[in-house]
1. Which value, in debye to the nearest 20, gives the size of the charge dipole of segment 16-114 about its Cα centre, when Lys and Arg are +1 and Asp and Glu are -1 at the Cβ?
2. Using helices alone, I'd like the mean residue ellipticity at 222 nm for the chain: each DSSP H run of four-plus residues gives -39500 (n - 2.57), total over residue count, nearest 500.
3. Just tell me the longest site-free run in the chain, where the sites are trypsin sites (Lys or Arg not before Pro) in a DSSP loop having at most 10 other beta-carbon atoms within 10 Å.
4. Using the Cα gyration tensor of segment 1-76, with a ≥ b ≥ c the square roots of its eigenvalues, what is the shape: rounded (a/c below 1.5), prolate (a/b larger than b/c) or oblate (neither)?
5. Size of the dipole of the chain about the Cα centre, Lys and Arg at +1 and Asp and Glu at -1 on the beta carbon, nothing else charged, in debye to 20?
6. Testing the spin-label approximation: label points 7 Å from Cα along Cα→Cβ at residue 86 and residue 31. State their distance in nm.
7. Pick from 52, 29, 213 the residue whose mean-square fluctuation is largest in a GNM of the chain, springs joining Cα atoms under 10 Å.
8. Name the helices (complete DSSP H segments) of the chain with a Cα length along the long axis of 24 Å or more and a Kyte-Doolittle mean of at least -1.0, or state none.
Amino acid sequence: MQQLELNDPAAFAHEFLRQTQLQGFGALSKRDLELLVFVLLERDGAIDRNASNHAAAGQLRVTPAKLRALRRDGYARWRQLVAEQADAALRRILGHVLDEANLRAGSRHVSERSRKDGFLAVRIEHPDDRQQFEQAILDAGALPVYERNREVLAVRFDTLVALAERSGFLQPDTEAVVKHLRALAPASEELADLLKKDVSRLRWEDARNALNSLGAKAVASSAEGGLKGLLKLVFPFL
């Protein structure tokens with residue numbers, strides 16, 4: 001079994017000592033210390049925050065259920081040590097859950113009916129990341145939908161677009177979006193209807209509606225190439 005190795009032992013030790021002194025030496029319970037060490041391990045990168053619960057549990061020689069509890073309770077107790085801006089956290093989470101491998105894996109956990117309705121399955125094992133993603137969905141005016149596996153969220157493509165708009169990832173530049181859509185889906189009815197209009201007079205709502213419709217069709221057809229291109233348009237950092 002591979003031994004855990006710190007990337008920055010000095011920073012780890014400094015923060016551990018600082019927190020134990022701030023709380024008063026001996027004041028932290030065994031559980032608090034356990035959670036503190038775990039959060040510092042993930043902050044250091046010795047345990048990859050994107051690692052599955054199973055993989056991370058193997059590193060610590062605990063059960064996946066125990067690892068899940070460490071992640072959930074650790075970030076609730078010591079969130080100040082890993083504070084992120086909401087948009088930065090969302091960018092990090094989406095960059096992981098929307099990569100090709102995770103989308104392919106998630107597609108096995110979403111029902112055919114949900115896929116036909118334009119729902120994309122994303123699997124988020126880290127409890128804190130899942131909670132943040134659920135809140136982002138709520139902030140975008142939608143509701144989190146769960147599949148059979150509680151770690152799998154079904155998200156409509158138009159919810160992702162709304163989320164991208166709200167977070168500033170997708171800029172309301174109608175001409176730029178139409179240009180990208182022309183390259184991605186030249187034969188689509190939605191784009192053909194869009195291009196019948198004078199581009200200079202198109203509203204952002206027209207471009208968004210076409211993007212939502214194309215995204216829903218790409219999800220329903222499981223066309224990975226087309227879906228990847230549309231997601232890249234919505235989230236340029238992917």
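The values are calculated or read from the model by the stated rules, or taken from the named source; none is laboratory data. The shown structure was predicted, so the numbers you read here are calculated from the model rather than taken from an experiment. Every residue, glycine as well, gets a Cβ built from its backbone with ideal geometry; the counts of neighbours run over all protein chains shown. Calculation scope for accessible area: heavy atoms of the full protein, side chains included, ligands and nucleic acids excluded. Shrake-Rupley method; radii C 1.70, N 1.55, O 1.52, S 1.80 Å.
1. 300
2. -19000 deg cm²/dmol
3. Answer from the scan: 1-60.
4. The shape class here is oblate.
5. 480
6. Taking the simple label geometry, residue 86 and residue 31 are separated by 3.0 nm.
7. 29
8. Once both thresholds are applied, what remains is 204-221.
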